[in-house]
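The values are calculated or read from the model by the stated rules, or taken from the named source; none is laboratory data. Just so it is clear, the model here is predicted, and its values are computed rather than measured. Don't worry about glycine lacking a Cβ; one is built from the backbone with ideal geometry, like all the others, and counts go over all protein chains shown.
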Amino acid sequence: MDERSLKSLCDSPVPVIMGILNVTPDSFYAASRLSSVDEVVSRARQMVADGAAMLDVGACSTRPQSTPVEEDEELRRLLPALEAIHAALPGVPLSVDTFRPSVAEECVRRFGSFLIINDVSGGEAALAGVPYVLMCPTTDPESFFDERIPQLAEKGVTDIVLDPGFGFGKTVEDNYRILSHLSNLRHFGLPVLVGVSRKSMIYKPLGITPAEALNGTSVLHAIALQQGADILRVHDVPAAVQCIRLNQLLTAYS
């Protein structure tokens, strides 16, 4: 498999897991924060051992009401983490969670042979020939993707995964409406990523905290898998693996 091809990674009939690695002190879920390269590598090894097929490394929090760190600080956190993870796990595809074109360019310049760009801006950090996760920041993913996919193709970006953007520019009600119609995105013929792990669409309606939201996350993962999700972006890999295995059993008898 070409480790940089998102499409080839998702060719398997079994959905895959993207593990979240936050090299930040302020991500919304405190247990996901990693403060040293050693911690990052240790968590990365464990996630892959537990069943993650790829790892998503972020160094600038995009939680609601957060203030983004400066570009230099984002790179200072990000580059050593990427280098260390790749050295420890050379066959594992890595995704860089950034909305800054300049950060994406620098990471691809240094680590282009194994890198994916995961961009919450909806297209700003896309680079020709680089695998790309296109996130929708609006409440109408179908219309957004209809417009943006051809624009990316004109730039030479064709290895694309679609992320409806749960929690970004959406109310709780918007999130559940989009999740209930997630299968509508299948007509684009591109893999679909779902990132709901421990988000406010779970903990706010239940009156709990992100730390208490694993059960709700698993419920929504099960629904997303039934709606045709190809990638689950998660904090908790073992629980997501269980969801996928049980969904495969259900699918086998449907």
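A few comments on the model shown:
- Matching residues in the stretch 41-89 - criterion: being basic (K, R), modelled with pLDDT of 90 or more and surrounded by fewer than 16 Cβ atoms within 10 Å (Cβ to Cβ): R45
- Condition met for S197 (within 23 Å of T171 (Cβ to Cβ) and surrounded by 23 or more Cβ atoms within 10 Å (Cβ to Cβ)): yes
- Test: residue in the stretch 96-110 that is closer than 25 Å to L79 by Cα, at pLDDT below 95 and polar (S, T, N, Q): yes
- In the set (1) more than 15 Å from P137 (Cα to Cα); (2) crowded, with 22+ Cβ neighbours inside 10 Å, the condition left unmet by F188 is number (2).
- Subset of the stretch 90-99 [crowded, with 19+ Cβ neighbours inside 10 Å and more than 16 Å from the chain's Cα centre (by Cα)]: none
- Whichever residue in the stretch 135-162 is touching a residue at least 12 places away in the same chain (Cβ under 8 Å) and under 20 Å from F114 (Cβ atoms) and, among such residues, is surrounded by the fewest Cβ atoms within 10 Å (Cβ to Cβ): G156
- Test: residue in the stretch 178-186 that is closer than 19 Å to P101 by Cβ and touching a residue at least 24 places away in the same chain (Cβ under 8 Å): no
- Only one entry of V103, V69 meets the criterion of being of a type in the set (V, I, T) and in a helix (DSSP H, G or I), and that entry is V103.
- Residues of the stretch 120-134 classified as buried (at least 24 other Cβ atoms within 10 Å of the Cβ) and within 19 Å of K170 (Cβ to Cβ), total: 2
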